[in-house]
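Peer 1: Shown below is the structure under consideration.
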Amino acid sequence: MKKVIFSRTELHKFLLLGDCGNYIVDKINPSIRAIKRKEMLAVFCTLRIKKRTTSVKLGEFPENNLEEIYAKFKIARNISSNGNNPNFYLKQVKEVIEKEEFDSIESFSIEDLIKIFLNQKQYSQKYRYDFTNCLKKNFGKKFHQPLKKLSRQDFKNRAESLHRDSKFGALKNFIYKTNILFLYFLKNDKFKDLHILKDILSIIPNIRLRYLKIKNEETKQNDVSKLIKILKNLDKKQLSKVENFMKKINT
């Protein structure tokens, strides 16, 4: 076993001079190794998941460059740090990306988008669960269906329902998480046919203004009512102190 600092030069050198079946280890990231095959290097990493270990294939050099290999390593390491098997999650993402209509996001479901989104950064298990559960609950059957079956009216109807039931916290979370998810893909130039995402994002400001502002006004009115009740129970001396205090604030 030989340890080297992985670089294009070192990997090409091993590819040219190394014997098939032998491998070298990355000196900077010792969990990564490159195994010599006939015409390429198979790059793997070994990661710990709780009390177990697993191997994850990071790519084949030179078909995959070092940037791609290290990017996949980072994603796999983040997934394993949360106690999940990277092979399972990366397989799901690969299946989503390898769909025939990859360039059209309309064939993806909200569930597909979440899987891709959550595997780009290191998120806690709680964040992953809360994010997925929030959108799964609020999008209902649309969560598993292609985006082409989703409309701005579906989103608006759910927002109205949450407001009608006075579930302001749930409404705020639904809007916030939908906004984050859709903006992520709107900024990703790999996808086309993004009009449904743009359509829903375009009505979010109005929904926030209409429903969440009403909630704030209701809260304000409740606070004023409570203050009036307190003032009614004060004697003249106490009221005079309150009045003087208010005058100081306003000057």
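The values are calculated or read from the model by the stated rules, or taken from the named source; none is laboratory data. Predicted model only: the values in this text are computed from it and were never measured. Here the Cβ positions follow ideal geometry from the backbone for every residue, glycine too, while neighbour counts run over all protein chains shown.
Peer 1: Restricted to region 104-141, and to residues that are part of a helix (DSSP H, G or I) and of a type in the set (Ser, Thr, Tyr), which residue is modelled with the lowest pLDDT? Step through it out loud before you land on a result.
Peer 2: Our first condition is that a residue be part of a helix (DSSP H, G or I); within region 104-141, this holds for 105-107, 110-118, 125-141.
Applying the additional criterion that residues be of a type in the set (Ser, Thr, Tyr) yields 107, 127, 129, 132.
Values: Ser107: 79, Tyr127: 89, Tyr129: 89, Thr132: 93.
Going through the qualifying residues, I end up with Ser107.
Peer 1: Just checking, how many residues over region 33-51 are under 26 Å from the mean Cα position of the chain (by Cα) and part of a strand (DSSP E or B)?
Peer 2: Counting residues in region 33-51 that are under 26 Å from the mean Cα position of the chain (by Cα) and part of a strand (DSSP E or B) gives 6.
Peer 1: Could I ask something else about it? Just the residues that are under 17 Å from the mean Cα position of the chain (by Cα), within 19 Å of Ser107 (Cα to Cα) and either among the aliphatic types (A, V, I, L, M) or exposed (fewer than 15 other Cβ atoms within 10 Å of the Cβ) (or both), please, taken from region 145-188.
Peer 2: Result: Leu181, Leu183, Tyr184, Leu186, Lys187, Asn188.
Peer 1: Return the residues of region 52-65 that are part of a loop (DSSP other than H, G, I, E, B) and not polar (S, T, N, Q); say none if nothing qualifies.
Peer 2: Correct list: Pro62, Glu63.
Peer 1: What pairs come out if I take residues in region 53-73 that are more than 18 Å from Glu39 (Cα to Cα) and among the β-branched types (Val, Ile, Thr) and pair them with residues that are at pLDDT below 90 and outside any helix (DSSP H, G or I) whose C-beta lies under 9 Å away, six or more apart or interchain?
Peer 2: Hits for this filter: Thr54/Arg48; Thr54/Asn85; Val56/Asn85.
Peer 1: Moving to a separate point now. Those residues that are touching a residue at least 12 places away in the same chain (Cβ under 8 Å) and out of contact with any Phe, Trp or Tyr (no Cβ under 9 Å at 6 or more places or on another chain), I need them from region 107-129; list them, please.
Peer 2: Within region 107-129, Ser107, Asp112, Lys121, Gln122, Ser124, Gln125, Arg128 qualify.
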